[in-house]
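Structure first, then comments.
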2 protein chains.
Amino acid sequence: MATVEVIALGGVGEIGKNCTVVKQGDDMVVIDCGLSFPNEEMLGVDIVIPDFTYLVENKEKIRGVFLTHAHEDHVGALPYLLSQIDVPVYASEFTLLLIKQKLEEKLPGKEADLRPFNFGDQIQAGALTVEPVRVTHSIPENACMAVRTEHGIIFFTGDFKFDFTPVDNKLTNITRIGEIGREGVLALMSDSTNVERPGWGPSEARVSEGFRKVFSEAQGRILLTTFASNIHRMQQLVDVAAEFGRKVACVGRRMEQNLDICSRMGYIKMPKDVMVRLDEIRDYRDDQLAILTTGSQGEPMSALVQMSKGEYGRLQIKTGDTLIYSARPIPGNEGAIWRTVNRLIRQGCRVIYESPTPIHVSGHAYQEELKMMINLTRPFYIAPVHGEPRHQFLYNEIAKDMGYPEHRIFTLDAGVPLVFEETNAGYGEPVACGRVLVDNAGTVGISDEVLRDRSHISKDGIIMITLAVDVEKGELVGDPIMQSKGFQGPDGTLDKAYEILWDNLKQLSREEVRDVSRVRHATSDVVRRFIQKRTSLRPLVLPSVIEI
Amino acid sequence: MATVEVIALGGVGEIGKNCTVVKQGDDMVVIDCGLSFPNEEMLGVDIVIPDFTYLVENKEKIRGVFLTHAHEDHVGALPYLLSQIDVPVYASEFTLLLIKQKLEEKLPGKEADLRPFNFGDQIQAGALTVEPVRVTHSIPENACMAVRTEHGIIFFTGDFKFDFTPVDNKLTNITRIGEIGREGVLALMSDSTNVERPGWGPSEARVSEGFRKVFSEAQGRILLTTFASNIHRMQQLVDVAAEFGRKVACVGRRMEQNLDICSRMGYIKMPKDVMVRLDEIRDYRDDQLAILTTGSQGEPMSALVQMSKGEYGRLQIKTGDTLIYSARPIPGNEGAIWRTVNRLIRQGCRVIYESPTPIHVSGHAYQEELKMMINLTRPFYIAPVHGEPRHQFLYNEIAKDMGYPEHRIFTLDAGVPLVFEETNAGYGEPVACGRVLVDNAGTVGISDEVLRDRSHISKDGIIMITLAVDVEKGELVGDPIMQSKGFQGPDGTLDKAYEILWDNLKQLSREEVRDVSRVRHATSDVVRRFIQKRTSLRPLVLPSVIEI
């Protein structure tokens, strides 16, 4: 019997860039292919994707990439993978619909091998089979993935919650998960994002109650911002708007696109005559209007942020408006979001961001739901995914409370295979793995050196010194030029540095001047030391010596 | 009768840098002189202080700076003010004790005019009087300030909560606040930080219960991190440690200093023989030890962060340790704090950061406490301070609920005087006001241009081009040099840019080359346009032309 390996290339010890390989002999399947967002230290970075070296090296073995749902942290890196290798991509019809847009933008002309699945399908992938099982989350058509191996089933929960009143009425197939549990789950790879929250999370449907409260009180226009992929949230907004006799308009490209596609395909059931175009809102009174908008993360170019600055041409905030902030901040965006909220309030807009009746709920399982999943699947081994170390730790405490002994619980590290043999499991040899940084222009692989330079310059700035050397004569020619950007010391610091540098350079012998590398080092040394001694700042000092 | 003006130079529309002037005729008093922390856009900035131009211009009128308590957002800018003008500083004995350390560090040799007050003192300040009234907060010896003017009392709550079981047993002088209310409060300037929280905040004393729970369960060493100024928190830790027979050691310079001063001066009542030096802990078993440490904000150089990286020489984390995170993240520090927590967990340290029994409570009043303050002081006018616009807005809603009409409620902007005349109040002409940025080296007044350059370079980097021109001959001499830092485009971008630049430069006539400024502009134009077209990145392009 071959060993079975589960290798997370991301999504463990972190939230984001979920991407996990199941390998048995010469067959591999990949579950999800997500991105994550940069932290505050990754200057100039737009998104972070997994290092796909291991997948590229094993491309002949990959039988398919299986996507659980259409959130960026599960599908956002797919264009970058498909730009390197051709592999079939399996996902629900809905998920494919959303990622097709992105593939067209990022890989124009690429004919990707996209294969829709239905829940319950048994998809053959070499000697492995993959079965998607319906489970509720904050996006339609979301799947758990049961991967059948020679040793038993590896069960990926993906992102989930147990919502008994889902907005689309499509319930989790709890019975099927139980059947799979009875068949024999070797290992459960469980969502752990919300493991800090006790109890059972509120249903997505509760948000309608929160909306109704706002609608029943608001005198003016109602605006709502949420993630553009949160189809259920938009469904509830249009339903409640219709209930209160308000028309709905939408601003923000991605949201308009999704609303359009989803209503055409039936993923949003549009009440009759509820939608209006933005240029039609002038035909209605303020209390007859609701407006969906992007910008829930304080993105500088989004409609909401521009409105908050009074810089959005198509729509202006006015006194009496009410904004429902129906989202959670992705860590790192808090500052930008609160600045937006504060600007809106200053313009006379009421902003509802907290409410006793919820206006936002999480799509991830709370503690009792996580236990319910363990109860249903009854796995032999357990490993939390989709969590930072603190989440993995707490999840494992819960598993212990449920009777799991230490040796059946694993805390995965990215790139370290969890190897299942016939009668035991343990860690294998690490594979190539890491993070790859993508900048705003789409350049892949921003280097650590570049990041270090950016961080360095962003703190204390940069000082550039230009010299010209006549190498034959061993003489400096012309006057050195000293320029700085982003550097600010006490007045006169640069003048003094220039003086000291000049004094030092004049003392070099002809022989020393001929050695251009020596001139460069001397220049950099003198200036760096002087600045540091005088100001205790450490700007990047960059000499440039031109030879003539 | 003279008009009375209240002018906030900071602390309104923001949390931090509290500094407010009360002016009547030729007399001014200043309440607090605080700093704030930079947001994520202020690269290389250490702290932010108010612009003191208005105070410097009116230094002859300032009768004193009155400090409510020793938190940085109320006293942190004092050294910068005292470096510009000499004014008497009034504060409690305890507050003076803490700021003396900082004055000695920042203004060595400076003889500041520090005047201790007792609660209940009527301090004459020109024609004004100032009365500090004791009120509870998360630091000892905290005051409200009642400023008596010709028109009535301006009452500053400072930071407060109504804590009926304060750790030092020193209760709020509620009766005195009520008497002042009966005497006649013209305007209440109220803390509004926690206005989003309904109900009444928990007492600081509840934290002891949280500590006891952790102490009763922990097998190994217990570490605790909190703000170095949180004397009550440290008091509770040493008390609970003594109760459980554990010794307490302390790491982190500021915390050691404060612990030392406060225990010598009696602000911490030290149980007998509880403290040990760090080098003595080897004489005790792990379950006989508790360790206080700095680093609650994830500061890179703090003891806790260095321990989490295994880089702290004096103390190492080991499996079985428990850390109590007894603080709240200052906005912007979340990332650094969670990275620290995750690293500690990976080292086998249990980290308690949330708990049904609190291990941290806020020092600021919740909604019902804010209402209680309005009830006690019965002001004619109301203006929330110590809050962002969202807090000011909510506070004003509460005031309206309590029956205050719109025209008696003010939303202050920094620098805009609130002017009280005999029978009415309104806004006056703005005074010089703003933020002043201080960098890590203590340089005051980082310019917007420098910040813009840092932000620019931190995103897309910088490209420097060096040329030498023989002005007489109208010729370029030697080969141009192109260097970049923090820039990364697709492979070959810089080589291609160099080529195109060289081609362009060669086509310049002798006359054109003689115009060095023209050469500089042409260089910058060609390179900038090429890079942007090819990569859609916008690095800073900086040519340097040396004349020989």
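Take the conditions (1) within 9 Å of chain A (Cβ to nearest Cβ); (2) touching a residue at least 40 places away in the same chain (Cβ under 8 Å); (3) basic (Lys, Arg); residue B:514 misses just one of them, which is (1). The set of residues in the range A:298-316 that are in contact (Cβ under 8 Å) with a residue 60 or more places away in the chain and more than 14 Å from residue A:343 (Cα to Cα) comprises A:314, A:315.
Picking from A:110, A:170, which residue would you name as being without any contact (Cβ under 8 Å) to a residue 40 or more places away in the chain, basic (Lys, Arg), in a loop (DSSP other than H, G, I, E, B) and under 21 Å from residue A:268 (Cβ atoms)? Full working, then the answer.
Details: A:110 fails: under 21 Å from residue A:268 (Cβ atoms).
Within the list A:110, A:170, the selection yields A:170.
The residues on offer are B:385, B:361, B:351, and the sole one that is over 27 Å from residue A:340 (Cα atoms) and either of a type in the set (Phe, Trp, Tyr) or in contact (Cβ under 8 Å) with a residue 40 or more places away in the chain (or both) is B:361.
One residue is enough: does the range B:126-137 have a residue meeting the conditions more than 19 Å from residue B:265 (Cα to Cα), open to solvent by 30 Å² or more (accessible area, probe 1.4 Å) and part of a loop (DSSP other than H, G, I, E, B)? Among the residues of the range B:126-137, at least one is more than 19 Å from residue B:265 (Cα to Cα), open to solvent by 30 Å² or more (accessible area, probe 1.4 Å) and part of a loop (DSSP other than H, G, I, E, B), which makes the answer yes. Applying the condition of being open to solvent by 50 Å² or more (accessible area, probe 1.4 Å) and touching a helix residue (DSSP H, G or I) at 6+ places or on another chain (Cβ under 7 Å) to the range A:513-548 and asking which residue is nearest to residue A:457 (Cα to Cα) yields A:538. Give me the pairs: first residue in the range A:5-27 and more than 14 Å from every other protein chain (Cβ to nearest Cβ) and farther than 16 Å from residue A:427 by Cα, second residue of a type in the set (Ser, Thr, Tyr) and part of a strand (DSSP E or B), beta-carbon distance under 6 Å, and six or more apart or on different chains, which are they? If the second residue must be of a type in the set (Ser, Thr, Tyr) and part of a strand (DSSP E or B), the pairs left are A:17/A:36. When only residues in the range B:11-35 that are among the small types (Gly, Ala, Ser) and at positive phi count, which is surrounded by the fewest Cβ atoms within 10 Å (Cβ to Cβ)? Among those that are among the small types (Gly, Ala, Ser) and at positive phi, it is B:25. Residue B:341 passes every criterion in (1) over 20 Å from residue A:196 (Cα atoms); (2) open to solvent by less than 30 Å² (accessible area, probe 1.4 Å) apart from (1).
What do you reckon, is residue A:211 at pLDDT 95 or above and in a loop (DSSP other than H, G, I, E, B)? Spell out how you get there, then give the answer.
Numbers: at pLDDT 95 or above: yes; in a loop (DSSP other than H, G, I, E, B): no.
The answer is no for residue A:211.
Taking the conditions exactly as written (within 28 Å of residue B:450 (Cβ to Cβ), charged (D, E, K, R) and in contact with a helix residue (DSSP H, G or I) (Cβ under 6 Å, 6 or more places away or on another chain)), does residue B:40 satisfy them or not? Spelling it out, residue B:40 is indeed within 28 Å of residue B:450 (Cβ to Cβ), charged (D, E, K, R) and in contact with a helix residue (DSSP H, G or I) (Cβ under 6 Å, 6 or more places away or on another chain).
Could you name every one of the helices (runs of 4 or more DSSP H) located completely within the range B:1-84 that has at least 2 residues being under 12 Å from the mean Cα position of the chain (by Cα)?
Qualifying helices (runs of 4 or more DSSP H): B:72-75.
For residue B:425, the criteria (1) under 28 Å from residue A:468 (Cα atoms); (2) at pLDDT 95 or above hold in every case but one, which is (1).
For the range A:1-10, which positions are open to solvent by 10 Å² or more (accessible area, probe 1.4 Å) and touching a Leu at 6+ places or on another chain (Cβ under 8 Å)? Lay out the reasoning, then the answer.
Filtering the range A:1-10 down to residues open to solvent by 10 Å² or more (accessible area, probe 1.4 Å) leaves A:1-3, A:5.
The one that is open to solvent by 10 Å² or more (accessible area, probe 1.4 Å) and touching a Leu at 6+ places or on another chain (Cβ under 8 Å): A:5.
The criterion of at least 2 residues that are facing chain A (nearest Cβ under 9 Å) and open to solvent by 20 Å² or more (accessible area, probe 1.4 Å) is met by the following strands (runs of 3 or more DSSP E) wholly inside the range B:400-500: B:475-485.
Of the listed requirements (1) in a loop (DSSP other than H, G, I, E, B); (2) over 18 Å from residue A:444 (Cα atoms); (3) modelled with pLDDT under 95, residue A:87 misses just one: (3). If you go through the range A:202-219 and keep only what is among the small types (Gly, Ala, Ser) and open to solvent by 10 Å² or more (accessible area, probe 1.4 Å), you end up with A:203, A:205, A:208, A:216, A:218. Somewhere in the range B:228-250, is a residue over 18 Å from residue B:167 (Cα atoms), open to solvent by less than 10 Å² (accessible area, probe 1.4 Å) and small (Gly, Ala, Ser)? Yes: the range B:228-250 contains one or more residues that are over 18 Å from residue B:167 (Cα atoms), open to solvent by less than 10 Å² (accessible area, probe 1.4 Å) and small (Gly, Ala, Ser).
From the set of residues in the range B:319-338 that are touching a Lys or Arg at 6+ places or on another chain (Cβ under 8 Å) and open to solvent by less than 40 Å² (accessible area, probe 1.4 Å), which is nearest to residue B:392 (Cα to Cα)? Spell out how you get there, then give the answer.
So the first thing to find is which residues in the range B:319-338 are touching a Lys or Arg at 6+ places or on another chain (Cβ under 8 Å), and the list is B:320-323, B:326, B:338.
Applying the additional criterion that residues be open to solvent by less than 40 Å² (accessible area, probe 1.4 Å) yields B:320-323, B:326.
Working: B:320: 45, B:321: 42, B:322: 39, B:323: 36, B:326: 28 Å.
Of everything passing the filter in the range B:319-338, B:326 is nearest to residue B:392 (Cα to Cα).
The residues of the range A:522-548 that are at the interface with chain B (Cβ under 7 Å from one of its Cβ atoms) and either in a helix (DSSP H, G or I) or under 13 Å from residue A:464 (Cβ atoms) (or both), listed by number, are A:535, A:540, A:542, A:544, A:546.
Restricting the range B:388-398 to residues that are in contact with a Leu (Cβ under 9 Å, 6 or more places away or on another chain) and either more than 10 Å from chain A (Cβ to nearest Cβ) or farther than 16 Å from residue A:353 by Cβ (or both) leaves a set whose member that is surrounded by the fewest Cβ atoms within 10 Å (Cβ to Cβ) is B:398.
For the range B:303-316, enumerate the residues that are under 21 Å from residue B:359 (Cα atoms) and open to solvent by 10 Å² or more (accessible area, probe 1.4 Å).
As a first pass, look at the range B:303-316 and keep what is under 21 Å from residue B:359 (Cα atoms): B:303-305, B:308.
Result: no residue meets the conditions.
As a summary of the residue check, residue B:505 satisfies the conditions (1) within 9 Å of chain A (Cβ to nearest Cβ); (2) closer than 21 Å to residue A:545 by Cβ except for the one numbered (1).
Among the residues that make up the range A:279-288, is at least one of them of a type in the set (Asp, Glu), touching a residue at least 12 places away in the same chain (Cβ under 8 Å) and within 16 Å of residue A:237 (Cα to Cα)? The answer is yes; a qualifying residue exists.
The values are calculated or read from the model by the stated rules, or taken from the named source; none is laboratory data. This structure is a prediction, so every number in the text was calculated from the model and none was measured. Every residue, glycine as well, gets a Cβ built from its backbone with ideal geometry; the counts of neighbours run over all protein chains shown. We work out accessible area using only protein heavy atoms, side chains counted, and drop any ligands, DNA or RNA first. Shrake-Rupley method; radii C 1.70, N 1.55, O 1.52, S 1.80 Å.
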